[in-house]
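Peer 1: Below is the structure I would like to discuss, written out as structure tokens.
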Amino acid sequence: MRLVWLYYFEMLGTAIFAITGVLVVTRRGLDVFGALVLGLVTALGGGTARDVLLRVPVFWIQDINYLWAGLMGALGAFFLGALLRNTSGLLLYLDALGAALFAMSAAEKVMLIHTHPAVAVIMGILTGIGGGLARDVLADRPTLLMSRDIYATPILLGCTAYVMLRHFAPRYPYTSIVGFAVIFGFRALAIHFHLEMPRWLTHVEEGAEQDSLLARPRAEP
């Protein structure tokens with residue numbers, strides 16, 4: 001059962017991250033080849049880094065279906081980009097969904113090879129944010145990680161909840177679902193209510209403005 005969840009979590013996360021990779025640059029006149037490259041880098045980058053560090057077969061090389069999922073997601077976003085990018089907040093929620101799916105698949109994969117639980121948390125964070133970071137660097141955009149947006153914290157909490165459940169309740173069948181719900185739920189709340197890290201936990205120069213990865217409307221004071 002765990003292997004089945006792992007497979008579908010990664011497959012869905014691959015398609016979703018490929019979509020976000022294309023949507024961030026649909027206004028810049030990107031051609032279809034550029035869209036496919038950016039979508040695939042976003043979709044496969046975090047998981048590839050995870051597998052290389054764990055010294056296990058790279059997931060999309062071992063199963064080419066991941067590559068097809070990324071290609072289909074990127075192509076769909078390219079041809080429907082004008083419609084999707086005008087949906088308020090969609091890109092942020094898709095990014096949160098992809099991060100939650102990939103983080104849980106990474107943590108699950110690490111636990112299945114009997115590595116230390118702390119490694120599962122670290123790999124969950126790396127995989128959850130890795131594709132998005134690569135996307136933003138290639139698209140020349142400010143990243144959520146470098147702003148006050150609550151981005152990596154939900155992944156940390158969700159992966160921690162997951163490994164704790166695996167340790168204290170090893171027979172509980174829904175540990176991945178709980179971890180996913182923590183990550184996506186916390187991140188979705190942060191997006192909806194425009195939550196940010198408190199200033200006492202953020203190094204900000206006086207008068208400097210914090211950029212966000214994705215432009216979004218903020219509530220008027």
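Peer 1: Taking the condition buried (at least 17 other Cβ atoms within 10 Å of the Cβ), modelled with pLDDT under 90 and out of contact with any Pro (no Cβ under 7 Å at 6 or more places or on another chain), does residue 176 pass?
Peer 2: no
Peer 1: What number of residues within the stretch 49-77 are free of Cβ contacts under 8 Å to residues at least 40 places away in the same chain and either exposed (fewer than 14 other Cβ atoms within 10 Å of the Cβ) or of a type in the set (A, V, I, L, M) (or both)?
Peer 2: Within the stretch 49-77, residues that are free of Cβ contacts under 8 Å to residues at least 40 places away in the same chain and either exposed (fewer than 14 other Cβ atoms within 10 Å of the Cβ) or of a type in the set (A, V, I, L, M) (or both) number 8.
Peer 1: Regarding the stretch 129-141, can at least one residue be identified that is under 16 Å from residue 13 (Cβ atoms), assigned to a helix (DSSP H, G or I) and modelled with pLDDT under 90?
Peer 2: Checked against the condition, which is being under 16 Å from residue 13 (Cβ atoms), assigned to a helix (DSSP H, G or I) and modelled with pLDDT under 90, the stretch 129-141 yields at least one hit.
Peer 1: Another question, then. So the check is Cβ under 9 Å with 6+ separation or different chains; which pairs have a first residue in the stretch 19-42 that's closer than 13 Å to residue 137 by Cα and assigned to a loop (DSSP other than H, G, I, E, B) and a second one that's modelled with pLDDT of 90 or more and among the polar types (S, T, N, Q)?
Peer 2: 24/42
Peer 1: Within the bounds of the stretch 111-128, is there any residue that is small (Gly, Ala, Ser), within 23 Å of residue 43 (Cα to Cα) and surrounded by fewer than 19 Cβ atoms within 10 Å (Cβ to Cβ)?
Peer 2: no
Peer 1: Whether any residue in the stretch 145-152 is of a type in the set (Lys, Arg), part of a loop (DSSP other than H, G, I, E, B) and surrounded by fewer than 23 Cβ atoms within 10 Å (Cβ to Cβ) is what I want to check.
Peer 2: Yes, that holds for at least one residue.
Peer 1: Follow-up. Restricting the stretch 155-181 to residues that are without any contact (Cβ under 8 Å) to a residue 40 or more places away in the chain and in contact with a helix residue (DSSP H, G or I) (Cβ under 7 Å, 6 or more places away or on another chain), which is nearest to residue 22 (Cα to Cα)?
Peer 2: Among those that are without any contact (Cβ under 8 Å) to a residue 40 or more places away in the chain and in contact with a helix residue (DSSP H, G or I) (Cβ under 7 Å, 6 or more places away or on another chain), it is 156.
The values are calculated or read from the model by the stated rules, or taken from the named source; none is laboratory data. A quick note: this is a predicted structure, and the numbers were derived from the prediction, not measured. FYI the Cβ positions are ideal-geometry reconstructions off the backbone, even for glycines, and counts take in every protein chain you see.
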